[in-house]
There are 2 protein chains.
Amino acid sequence: MFEKILYPTDFSDVSKKALEYIKKLKMAGTKEVIVLHVIDEREIEHISHLADVSLDIKRLEKEREEYAQKEMGAIEAELKESGFDIKTRIEKGIPFRDILRVEEEEDISVVVIGSHGKSCINEMLLGSVSEKVIRKSNKPVLVVRR
Amino acid sequence: MFEKILYPTDFSDVSKKALEYIKKLKMAGTKEVIVLHVIDEREIEHISHLADVSLDIKRLEKEREEYAQKEMGAIEAELKESGFDIKTRIEKGIPFRDILRVEEEEDISVVVIGSHGKSCINEMLLGSVSEKVIRKSNKPVLVVRR
């Protein structure tokens, strides 16, 4: 029921709070955690449209990836210390869609997700990633608050 | 983190599936479960408006209450057998509002709720109770699927 968790994270504070719940779920049988970060390809597009100067998009993308890898490494270490099997995935795309795709691909038992993400602008424009995941997921979802 | 669960139920199948998750959460520290059923006062109003013949509203209400009490009794017995402390509450009002009110009153740790309820007509007209609870809750919510 709680054996394999999908933990989508945008590295926000509320997202990090979800880690505490995951650790607690170990006692309810969690063995494996899939940590997923989706780099929002639309965000980079927005920035390049908004920016006055011509931006080095490739470099911006590379910085995002490096940041994601660093954050992922820290989460992986923290969860491994708690005795979970960990798989990390960094994807590029549209967060809620890729979260739902990975949910199917990995055949997880439950999703643990923060109620609100980091990207205020995107969430106001496009609706909360979490809300879409909650609405469209085929699996149970634990929504963690700030 | 999972010590005191609020379990709002409309006695639907998906709502009953949530019981299995609650039992599993015992190992993650759940001690007490508040079982809440809210009799939707608007539903009885709708019926009295739709009905061609004059209905005995008092009798209809009494039947609802008796049904709720019977279902509650079964849930209470099942959860007690699993070793939880149980409190049952049957309220009359507007489900999502009363769920959020009881959430505050009882100072619970987490809400466990089914993704969809029984009342298809009301949910189509007024939106899903679960969605509103998820959006407005101050506490973490575990959403269980069919």
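The values are calculated or read from the model by the stated rules, or taken from the named source; none is laboratory data. Since we're looking at a predicted model, the values are computed, not measured. Every residue, glycine as well, gets a Cβ built from its backbone with ideal geometry; the counts of neighbours run over all protein chains shown. With ligands, DNA and RNA removed, areas are computed over all heavy atoms of the protein, side chains included. Shrake-Rupley method; radii C 1.70, N 1.55, O 1.52, S 1.80 Å.
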Checklist entry - Applying the selection to the range A:98-146, what residues are of a type in the set (Lys, Arg), closer than 26 Å to B:Val111 by Cα and at pLDDT 95 or above? => result A:Lys139
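For (1) more than 23 Å from A:Val143 (Cβ to Cβ); (2) part of a loop (DSSP other than H, G, I, E, B); (3) among the polar types (S, T, N, Q), each residue gets a yes or a no:
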{"position": "A:Ser48", "(1), (2), (3)": "yes, no, yes"}
{"position": "A:Leu60", "(1), (2), (3)": "yes, no, no"}
{"position": "A:Glu63", "(1), (2), (3)": "yes, no, no"}
{"position": "A:Tyr67", "(1), (2), (3)": "yes, no, no"}
{"position": "A:Gly83", "(1), (2), (3)": "yes, yes, no"}
{"position": "A:Lys92", "(1), (2), (3)": "yes, no, no"}
{"position": "A:Glu103", "(1), (2), (3)": "no, no, no"}
{"position": "A:Val111", "(1), (2), (3)": "no, no, no"}
Checklist entry - Which condition number in (1) more than 14 Å from chain B (Cβ to nearest Cβ); (2) under 12 Å from the mean Cα position of the chain (by Cα); (3) among the hydrophobic types (A, V, I, L, M, F, W, C) is the one that A:Ala18 fails? => result (1)
Checklist entry - Could you give every pair whose Cβ atoms fall below 7 Å, whose first residue belongs to the range A:78-107 and is within 20 Å of A:Ala68 (Cα to Cα) and open to solvent by 50 Å² or more (accessible area, probe 1.4 Å), and whose second residue is modelled with pLDDT of 95 or more and hydrophobic (A, V, I, L, M, F, W, C), counting only separations of at least 6 or pairs across chains? => result A:Glu78/A:Leu19; A:Lys80/A:Ile86; A:Lys87/A:Ile34; A:Thr88/A:Val35; A:Thr88/A:Met72; A:Ile90/A:Ala68; A:Ile90/A:Met72
